[in-house]
Amino acid sequence: MSPVMSPVMSPAMSLAMKWGRVAAGAAVLAVVVERVGTGPFLDAVRATSPAALLAALAITALTTLCCAWRWRVVAARLGVDVPLRPAVGAYYRSQFLNATLPGGVLGDVHRAVRHGPMPVALERVVGQVVQVVATGGVLLAVSPWPAAAVAVGAGLAVALVRWPQVVAASVLAAAGHVVVFLVAARAAGTDATLAELLPLALVVLLAAAIPLNVAGWGPREGAAAWAFASAGLGAAEGATVAVVYGVLALVATLPGAVLLATGVLARGRLTERQRQLAQGVPARA
């Protein structure tokens, strides 16, 4: 997934694609509601506990650090210096915007505009590739084709040799998202075992990365309803777990909202001071 708009894409085409992605996500969400009703969504709100929210905040802090580190390493390969502390702040802002704005990629666009498109695009692509490969490996490992799982693992090992820091950071970040999903599942009251939940979590999180959503909602809930139903756990239970996960993920990005707000205030003060200087207002002692 590349968050950077092609330079040959017209503004009208870009706008059409953006709203097309939103419409697709809304359609998926509407189908889920039509199939399972609004009960799972209401159950999810009631099931979201303070302990689960705190756990999501703590785990997401670690996953954000991993993603920022990955971005820094990829950028360095391209000759761009991205210090870790600003990278963490920028990634938090990006995650919050992705979780609250249509399409699920505008946060990456914001980060690309401020810090350069190529490192951001490559970092996101690498992260998605590692997630897809890791998901495929786990799913094949629990399938009747263990040889295929070995082949996927070998491919990941080769990538680890060539890009050890990037692969390690991506695996740790993906693991963090899986743990938040497991927290959501337990908060929702599912009694499925860890072995049952792990492949379901990977499928749902892979679907959540598809940029066809309404502020993150749509494919995630659709995939969860389908995956849980296929596993004999019920579509309604899957939708409930996905909604709890969505709430946890949104709350976990709130540090990004704080950083955005403080940045706006700081720029406002700077602009006001520049206006005062232009009018000859002396600085305060």
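Need one number: convex hull volume per residue for region 171-248, Cα atoms only, in Å³.
Value for region 171-248: 79 Å³ per residue.
Using only the Cα atoms of region 39-253, what are the Rg and Dmax in Å?
Both quantities, over Cα of region 39-253: 17.1, 51 Å.
Determine, for each peptide in 167-176, 131-140, 235-244, the mean count of other beta carbons within 10 angstrom over its residues, then list the peptides with the highest first. Walk me through the numbers on the way to the answer.
Numbers: 167-176: 20.3, 131-140: 18.3, 235-244: 27.3.
So the peptides 167-176, 131-140, 235-244, ranked by packing, come out 235-244, 167-176, 131-140.
Using only the alpha carbon atoms of region 67-128, find the Kirkwood hydrodynamic radius as the inverse mean reciprocal pair distance, in angstroms to one decimal.
11.3
Compute the relative contact order of region 39-253 as a whole-number percentage, counting only Cα pairs closer than 8 Å that sit 6 or more residues apart in sequence. Walk me through the intermediate numbers first.
Values: 301 pairs, mean separation 71.3, N = 215.
This gives 33 percent for region 39-253.
Mind giving me the nanometre distance, one decimal, between the label points for residue 100 and residue 132, set 7 Å out from Cα along Cα→Cβ?
3.1
When all alpha-carbon pairs of region 22-104 are counted, what percent fall beyond 16 Å?
For region 22-104, the share of Cα pairs beyond 16 Å comes to 69 percent.
Rounded to the nearest 0.05, what FRET efficiency is calculated for residue 168 and residue 191 with R0 set to 30 Å and r the Cβ-Cβ distance?
Numbers: r = 33 Å, r/R0 = 1.11.
Approximately 0.35, to the nearest 0.05.
Between residue 261 and residue 34, what length comes free when the chain is fully extended (0.36 nm per residue of separation minus the Cα-Cα distance, one decimal in nm)?
Full extension from residue 261 to residue 34 adds 78.0 nm.
Rule-based calculations on the coordinates, nothing more; no lab input. This is a predicted model, so every value here is computed, not measured. No Cβ is skipped: glycine too gets one built from the backbone with ideal geometry, and neighbour counts run over all protein chains shown.
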